[in-house]
Each structure stands twice: as C-alpha cells, then as structure tokens.
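Here the structure is laid out as structure tokens; the discussion comes afterwards.
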Amino acid sequence: MKAVGMASSIGGAVEPSSEFDNVAFDPETLAILEGVFEEAWVSIQAQRNGNITRAALAERILKLAVKGERNPARLLDGALSGSKTDAERDRLEKALEEGLRETFPASDAVAVVQPAPLEPHKDYTSRSKEQSF
C-alpha cells in the first residue's frame, strides 16, 4: 500500500503532491505504522494536546518510516516528541507575546511628524561670510 493511502487510513488526507507519493510499505510495516498511529493519537488526546491534527501526526510517523524506522517504540517516541516540541514552542511564543504587550503598551503615543528644520542664526551666517573672504 502506498504511503498516502496509509495516511488516509490512519488519520486523514496527506496532500496529493506530498513527499510520500512514490513510497509503498509492505503489509507488516503498515500494521506497525497503524498501531503506532493509534497509540500516539490516544496519548495525545489523553494529554489534551489539541495542537496537532491526525494528518500531521500521520505525516510525522510516515517521515520516520520513509527514513527506514520500523521499531514501534522509536516511531511512537518520534511522533510524540514532535508534539512536545510544538507545545513548548507554543508556550514560549505565548510568553513572548505577553512580555511584548507588557513592554510596549499600545496606548503609548507615537510621533510621526518631524519638527521643521531650524533657521540658522543671523549672527552665525554673517560671521561665516566675513571669514570666507
């Protein structure tokens, strides 16, 4: 079965022009990948981590499988470590956004008009003319 068909059967559609178009897995490998997918999805749901879709999870597992990984424990770890990384990135981005709001409040006025240039002082212009001769 092709990888795209496997992704559809375990979690959703992978883009038609995906990197998995020309990849096929034997039935034993498909059974491993489907089992890993189901276990990873149950784990993600138990953690209430809604930051990943079924299709994105399937894609993570397929990427590992395309590289040759067949060990269910390593496939599961690879699939779940991505969601932990995503959750940490989301937490850091949220903290940064809150910090920026505290540092740069939107209520501060911003000057967008520059003052007009000053005219040179009359004494200065007359002295410079006298010295240039």
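The values are calculated or read from the model by the stated rules, or taken from the named source; none is laboratory data. What you see is a predicted model, and the numbers here were worked out from it, not measured in a lab. Here Cβ is always computed from backbone atoms with ideal geometry, including for glycine, and neighbour counts include all displayed protein chains.
Okay, here's what the table says:
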read-out	value
Options 102, 88, 98: the member that is at pLDDT 80 or above and either closer than 27 Å to residue 20 by Cβ or outside any loop (DSSP other than H, G, I, E, B) (or both)	98
The stretch 1-59, residues that are of a type in the set (S, T, N, Q) and either over 15 Å from residue 80 (Cβ atoms) or at pLDDT 75 or above (or both)	8, 9, 17, 18, 22, 29, 43, 45, 47, 53
Hits in the stretch 29-81 - residues which are part of a helix (DSSP H, G or I) and of a type in the set (Val, Ile, Thr)	29, 32, 36, 42, 44, 61, 66
